[in-house]
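Worksheet: one structure, shown below.
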């Protein structure tokens with residue numbers, strides 16, 4: 001359904017079993033983040049790209065036609081899909097990097113804080129005896 005307020009803004013819904021299953025697996029918080037990203041893409045980014053494209057004859061990769069002749073499905077297919085995939089990939093990397101950095105930090109902590117038998121203190125103790 002097209003929104004008349006903004007150029008090429010649209011609202012729609014797909015109720016696919018696969019998407020419902022993914023929403024159940026990732027939980028309501030992450031599902032709400034995904035929904036917010038979709039709303040941002042369809043209500044903000046697609047009209048923004050349409051308005052920028054209407055300023056002149058602009059052809060941006062990966063499209064081979066000017067933005068001013070694209071409808072909202074074409075803009076979603078050429079630009080918004082990749083923005084969403086990049087956001088999901090960045091979120092996955094960010095979520096995985098935090099435990100890895102914490103694990104690395106905690107694995108080095110005993111080496112720094114506790115004296116080791118091969119350290120300078122142990123060497124001095126052996127020389128004094």
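Run the numbers on segment 1-95 and let me know its relative contact order in percent, using alpha-carbon pairs under 8 Å that are six or more apart. The partial results should precede the final answer.
On the way: 67 pairs, mean separation 23.6, N = 95.
This gives 25 percent for segment 1-95.
How long is the gain from residue 106 to residue 44 if the chain were fully straight, where each residue apart is worth 0.36 nm and the alpha carbon distance is subtracted?
Gain on stretching residue 106 to residue 44: 18.1 nm.
Starting from 0.36 nm per residue, how many nanometres of slack lie between residue 22 and residue 82 once their C-alpha separation is accounted for?
Working it through step by step, the gained length comes to 19.7 nm.
Could you give the nm distance between label points at residue 95 and residue 13, where each point is 7 Å from its Cα heading toward the beta carbon?
Distance between label points: 2.4 nm.
None of the figures in this text is laboratory data; all of them are computed from the coordinates on show. The structure presented is a predicted model; accordingly, all values stated were derived computationally and were not measured. Don't worry about glycine lacking a Cβ; one is built from the backbone with ideal geometry, like all the others, and counts go over all protein chains shown.
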